[in-house]
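Heads up, the thing below is written out as structure tokens.
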Amino acid sequence: MPPRFVSLFWRIFVPNAAVLAVACVVLMIEPANGRVPALVGGLTVMLVVNLLLLRRAVTPLVRLTALMRDIDPLAPGQRASISGPPSEVTVLAQAFADMLDRVEQERAASGRRALSEIEAERRRIAGELHDQLGQSLTAIALHLDRLAPVADEHIRRELRLIRDDVLRSVEEAREMARRLRPEALDTLGLVPALTNLAERLAHHTGLTIRRDLERSLPPLTSEAELVIFRVAQESLTNVVRHAGAQTVDVSLHAQGPEVELVVRDDGTGVDGRPASGTGIRSMRERAVAVQAALTIAPRADAPGTEVRLRVPGQQP
């Protein structure tokens with residue numbers, strides 16, 4: 001049964017009617033008869049009372065409008081909470097909260113489906129890069145090795161250069177395959193995969209990456225582990241491309257039933273502006289898909305940026 005309350009119309013109409021009635025009574029008891037200042041003063045008082053009553057009636061609606069405007073669709077869990085007796089505003093706030101519940105559930109479900117399809121395609125492309133392209137390039141390198149002994153010295157040097165280029169291409173194809181689908185995550189687990197990611201990136205870029213990765217974590221779904229890995233991967237990639245940092249700290253710890261990933265750098269930071277871009281949006285959408293909370297903000301203790309991801313553990 002819906003709650004019973006006095007409608008907003010009557011809560012505005014009745015005070016206005018009451019103010020008008022009081023004015024009429026005052027005029028009947030004390031006719032103006034030249035008392036203009038007293039009349040003006042009385043009308044002013046009634047106007048102020050009317051203003052206060054109207055403000056009291058519409059303030060919850062204004063507050064609800066502001067709350068609804070500030071809600072971020074990529075930050076689940078935000079709700080417009082309006083306290084007070086039952087009214088159109090409290091009913092509207094509850095209806096809006098129910099709608100957000102449905103939207104978040106549908107968005108999370110569609111996000112998980114999209115992530116599953118994306119990862120399946122990544123796995124397919126990674127397999128083709130590693131197996132087909134890698135094997136083809138390796139075969140070319142072997143063929144060049146067989147040609148070298150029968151070629152003259154000048155041609156032999158050129159063949160060696162070509163062979164070196166082919167082998168570099170093999171390594172690049174394998175590296176792309178690893179970035180597309182981290183084998184360590186499938187075979188060894190989340191913490192070894194993050195360790196491998198940090199070590200490879202530090203080796204290729206010269207960046208100092210300090211790790212603090214807890215192994216005793218709450219149980220996580222495979223989707224949640226993949227989101228943690230991808231957010232760490234994208235965060236570190238952004239540091240290399242944009243931050244101009246020298247050192248990055250990567251930590252992974254249990255926080256009660258949740259798991260928290262934190263990536264901090266000592267680079268240029270985001271200057272307090274909301275972080276944006278394709279990579280950042282991808283991180284936020286991945287977080288929404290597993291009902292995680294993602295924040296990207298300037299560091300409070302030093303120059304640089306902090307990425308913080310809190311992922312709920314797997315429900316028993």
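Bear in mind that the values in this text are calculations on the coordinates, not laboratory data. All figures in this text were calculated on a predicted structure; none of them were measured in a lab. So basically every Cβ, Gly included, is an ideal-geometry build from the backbone, and we count neighbours across all protein chains shown.
Applying 1/(1 + (r/R0)^6) with r as the Cβ-Cβ distance of T278 and V25 and R0 = 51 angstrom yields a FRET efficiency of 0.15. A simple spin-label model places pseudo-atoms 7 Å from Cα toward Cβ; at I140 and I125 they are separated by 2.0 nm.
Counting other Cβ atoms within 10 Å as a rough exposure proxy, the listed residues L137, L147 run L147, L137 from fewest neighbours to most. Given R₀ = 51 Å, FRET efficiency for R210-E88 by Cβ-Cβ distance, to 0.05? Using R0 = 51 Å, I get an efficiency of 0.40.
Distance between the pseudo-spin-label points of M68 and H253 (7 Å out from Cα toward the beta carbon): 4.1 nm. Neighbour counts of other Cβ atoms within 10 Å put I162, I280 in the fewest-to-most order I162, I280. The distance between label points at V49 and V103 comes to 4.3 nm (points 7 Å beyond Cα on the Cα→Cβ vector).
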